[in-house]
Amino acid sequence: MVVKIKCSFETVIKENTAWLLKFIKDKLNNKELAEDILQEIFVKAYRKYDDYEEQGKLKAWLMRIAQNTVKNDFGSRTNQNKLYISLDDEICK
C-alpha cells in the first residue's frame, strides 16, 4: 500500500508542478524562491497525503497548501531580511 501511495503521489507532482510553479512565481516574482517553496508545498502535501480523501478536489487542496505556504514562508523570509534602523542612530540626528 505504501508503494501505491508513493506512485500516485509521483503522478500528483507531475500533473501539478507547472501550474503551481506559475502561481508561486506570479506571487513572488523570484524563480529560485518559487522553486524552493514548490518543494516545501509538495513535502507538506506528501506528509498529509494519507489523510487526503479523493473527492475531485485535489487542485483546490494543493492550492490551499500553496497559498498558506507562500503567505507564511514568504512573509517569514522577508521579515528576516528587513533592515531596522533605530531613531536614536546618528543618521537621524
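Every condition in (1) exposed (fewer than 10 other Cβ atoms within 10 Å of the Cβ); (2) at pLDDT 75 or above holds for LEU83 except the one numbered (2).
Go through the residues of the range 13-27 one by one and say whether even a single one is without any contact (Cβ under 8 Å) to a residue 12 or more places away in the chain, over 14 Å from LYS71 (Cα atoms), in a loop (DSSP other than H, G, I, E, B) and out of contact with any strand residue (DSSP E or B) (no Cβ under 7 Å at 6 or more places or on another chain). No, the range 13-27 has no match at all. Between LYS6, LYS27, the distinction of being in contact with a Phe, Trp or Tyr (Cβ under 8 Å, 6 or more places away or on another chain), at pLDDT below 95 and open to solvent by 70 Å² or more (accessible area, probe 1.4 Å) belongs to LYS27 only.
The values are calculated or read from the model by the stated rules, or taken from the named source; none is laboratory data. A quick note: this is a predicted structure, and the numbers were derived from the prediction, not measured. With ideal geometry, Cβ positions are generated from the backbone for all residues, glycine too; neighbour counts draw on all protein chains shown. Surface accessibility is based on the protein's heavy atoms, side chains included, excluding ligands, DNA and RNA. Shrake-Rupley method; radii C 1.70, N 1.55, O 1.52, S 1.80 Å.
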